[in-house]
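Here the structure is laid out as structure tokens; the discussion comes afterwards.
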Amino acid sequence: MASFQTTRRQLIQVLGGTSLLTLLGCNQQAQTMLTLYTFGDSILDCGRYNEFGLHPGQLLVQNDDRLFPEFQGQDLASHGSAQLEHCARDGATVASLPGQAVGLRAEEKAIALLTVGGNDLLRGLIQDAGAGMTTYTNALDDFVQQLPIRPVLLGSVYDPTLGDDRRNFLGVEAAIARENLQQMNTSIQDIASRYGQFVDLHAHFLKGDPSWFTATIEPSLRGASEVRRAFLPYVMNYI
């Protein structure tokens with residue numbers, strides 16, 4: 001027993017006040033897992049639209065350095081333990097959001113990404129006179145308010161025509177479509193200001209080109225990376 005006590009005292013002196021748990025690699029920070037959740041539509045669930053099956057949430061958690069070398073080291077995995085809970089579904093509308101969170105048990109350290117509205121526009125809100133947009137806004141606000149994750153990063157809805165009326169594919173006058181898109185994005189920004197952070201995908205994609213899209217409106221592989229690029233600084237700000 002005396003020999004053990006002597007050895008322990010010597011060890012404490014060598015450590016010079018350093019935590020033994022830290023020395024062994026068991027510090028609390030290293031043990032904390034950050035979970036990135038994705039909710040919403042194909043802006044975040046676009047893996048089926050590229051040959052690699054990649055979507056923005058995957059790239060934010062761990063970049064594909066072969067495909068996107070410029071983002072090497074710019075992911076959550078490079079800064080600690082991280083995992084993805086991918087709940088977003090291609091084709092989702094604001095009414096289907098609650099179904100994506102059924103049984104959700106949020107981890108202690110978590111970030112949520114949310115994009116929704118494009119399909120609502122395609123299903124009629126693009127020429128809405130007001131009542132439908134109010135219903136959309138209230139439903140989105142209710143979902144985000146009840147979501148047990150903070151922060152929530154809400155992305156705006158982008159314009160797949162890149163602001164070019166010649167690319168209008170909707171059969172709706174471009175001025176009306178843009179007005180309703182702007183109204184929707186204003187609602188998203190207002191909700192984001194109360195619960196987390198607004199990420200302006202619309203403004204970012206206006207700086208892009210047609211290669212960012214596939215199937216007319218869906219993010220291509222490049223588009224998935226550009227969605228990641230828009231969210232990246234805000235995600236990294238919370239780690």
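The values are calculated or read from the model by the stated rules, or taken from the named source; none is laboratory data. None of the values given here were measured: they were computed from a predicted structure. Quick reminder, even Gly has a Cβ in these numbers, built from the backbone with ideal geometry, and neighbours come from all protein chains shown.
Being among the hydroxyl-bearing types (Ser, Thr, Tyr) and in contact (Cβ under 8 Å) with a residue 40 or more places away in the chain is true for just one of Thr134, Thr93. Which residue is that?
Working: Thr134 fails: in contact (Cβ under 8 Å) with a residue 40 or more places away in the chain.
Testing whether each residue is among the hydroxyl-bearing types (Ser, Thr, Tyr) and in contact (Cβ under 8 Å) with a residue 40 or more places away in the chain leaves just Thr93.
Looking at this structure, is Ser225 assigned to a helix (DSSP H, G or I), within 23 Å of Thr35 (Cβ to Cβ), of a type in the set (Ser, Thr, Tyr) and out of contact with any Gly (no Cβ under 7 Å at 6 or more places or on another chain)? Working first, answer last.
Working: assigned to a helix (DSSP H, G or I): yes; within 23 Å of Thr35 (Cβ to Cβ): yes; of a type in the set (Ser, Thr, Tyr): yes; out of contact with any Gly (no Cβ under 7 Å at 6 or more places or on another chain): yes.
Criteria met by Ser225.
Scan the range 161-170 and tell me whether some residue there is modelled with pLDDT under 95 and more than 30 Å from Phe52 (Cα to Cα).
Of the range 161-170, the ones modelled with pLDDT under 95 are 161-170.
Filter once more, keeping what is more than 30 Å from Phe52 (Cα to Cα): 165-166.
Yes, the range 161-170 contains at least one residue that is modelled with pLDDT under 95 and more than 30 Å from Phe52 (Cα to Cα).
Need pairs with beta-carbon distance below 7 Å; first residue aliphatic (A, V, I, L, M) and within the range 152-169, second assigned to a loop (DSSP other than H, G, I, E, B); sequence gap 6+ or separate chains.
Matching pairs, first to second residue: Val157/Gly117; Leu162/Leu206; Leu162/Gly208.
If I filter the range 106-139 down to residues being assigned to a helix (DSSP H, G or I) and of a type in the set (A, V, I, L, M, F, W, C), which single residue comes out as farthest from Leu154 (Cα to Cα)?
First, the residues of the range 106-139 that are assigned to a helix (DSSP H, G or I): 118-122, 125-127, 131-139.
Still in the list and also of a type in the set (A, V, I, L, M, F, W, C): 121-122, 125-126, 131, 133, 139.
Details: Leu121: 17, Leu122: 19, Leu125: 19, Ile126: 20, Ala131: 22, Met133: 17, Ala139: 14 Å.
If we take residues in the range 106-139 being assigned to a helix (DSSP H, G or I) and of a type in the set (A, V, I, L, M, F, W, C), then Ala131 is farthest from Leu154 (Cα to Cα).
Residues in the range 186-208: is at least one buried (at least 17 other Cβ atoms within 10 Å of the Cβ), more than 16 Å from the chain's Cα centre (by Cα) and at pLDDT 95 or above?
Looking through the range 186-208, at least one residue is buried (at least 17 other Cβ atoms within 10 Å of the Cβ), more than 16 Å from the chain's Cα centre (by Cα) and at pLDDT 95 or above.
Could you tell me whether the range 194-216 includes any residue that is of a type in the set (D, E, K, R) and in a helix (DSSP H, G or I)?
As a first pass, look at the range 194-216 and keep what is of a type in the set (D, E, K, R): 194, 200, 207, 209.
Still in the running and in a helix (DSSP H, G or I): 194.
Yes: one or more hits.
Can you pull out every residue in the range 38-73 that is surrounded by 19 or more Cβ atoms within 10 Å (Cβ to Cβ) and either part of a loop (DSSP other than H, G, I, E, B) or modelled with pLDDT under 95 (or both)?
Asp41, Ser42, Ile43, Leu44, Asp45, Cys46, Asn50, Leu54, His55, Asn63, Phe68
State whether one or more residues within the range 130-148 are hydrophobic (A, V, I, L, M, F, W, C), crowded, with 20+ Cβ neighbours inside 10 Å and touching a Gly at 6+ places or on another chain (Cβ under 6 Å). Step through it out loud before you land on a result.
Pass one, the range 130-148, residues hydrophobic (A, V, I, L, M, F, W, C): 131, 133, 139-140, 143-144, 147.
Checking the rest, the ones that are also crowded, with 20+ Cβ neighbours inside 10 Å come to 140, 143-144, 147.
Adding the requirement that they be touching a Gly at 6+ places or on another chain (Cβ under 6 Å) leaves none.
For the range 130-148, residues hydrophobic (A, V, I, L, M, F, W, C), crowded, with 20+ Cβ neighbours inside 10 Å and touching a Gly at 6+ places or on another chain (Cβ under 6 Å): absent.
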